[in-house]
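Structure first, then comments.
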């Protein structure tokens, strides 16, 4: 199940006009969730989608008709993919880019494979590297 899908141009329009409201509504409707997502997840969408990804996608290097999918719910799993870009390269080969969005402001390497150290309100925490998360 995909919570949100559009073209790059449609995403840029929605990102400039409160995409976090669209995502919150669609999460509740499409994922059949009893209660709406909390304020922290809402703020995360606002920062990650309305600000960061809006800026990243606003380039001529990504074709206007590229597909954008947000919060793709992986079947038989509770996991969701944050952001997907789809399209074709110059040879008309289909391509997919998976992006794992984080609200982290600081990150450090660890000696452990696929793990990084970041900081939350409660203190330092070892977490999966976002690239590993997207790969897996």
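With the crude spin-label approximation of a point 7 Å out along Cα→Cβ, what separation in nm comes out for residue 29 versus residue 89?
Each label point is offset 7 Å from its Cα along the Cβ direction, giving 3.7 nm.
At 0.36 nm per residue, and after removing the present C-alpha to C-alpha distance, how many nm does the segment from residue 132 to residue 73 gain when stretched out fully?
19.5 nm
With n ≥ 4 as the cut-off for DSSP H runs, can you work out [θ] at 222 nm for the chain, using -39500 (n - 2.57) per run divided by the number of residues, rounded to the nearest 500?
So the calculated ellipticity at 222 nm is -7500 deg cm²/dmol.
How long is the gain from residue 55 to residue 110 if the chain were fully straight, where each residue apart is worth 0.36 nm and the alpha carbon distance is subtracted?
16.8 nm
From Cα pairs below 8 angstrom and at least 6 apart in sequence, can you work out the relative contact order of the chain, rounded to a whole percent?
Computed over the chain, the figure is 20 percent.
Between residue 1 and residue 96, 0.36 nm times their residue separation minus their Cα-Cα distance comes to what?
Full extension from residue 1 to residue 96 adds 32.5 nm.
Sketch the reach of a paramagnetic label on residue 118 as a point 7 Å from Cα along Cα-to-Cβ, and name the residues of the stretch 86-112 whose backbone nitrogen lies under 17 Å away.
Output list for this probe position: 98-112.
Throughout, read-outs are computed from the coordinates displayed, never taken from laboratory work. Remember, it's a predicted structure, so these values are computed and weren't measured experimentally. A quick note on method: Cβ atoms are made from the backbone with ideal geometry, for glycine too, and the neighbour counts reach across all protein chains shown.
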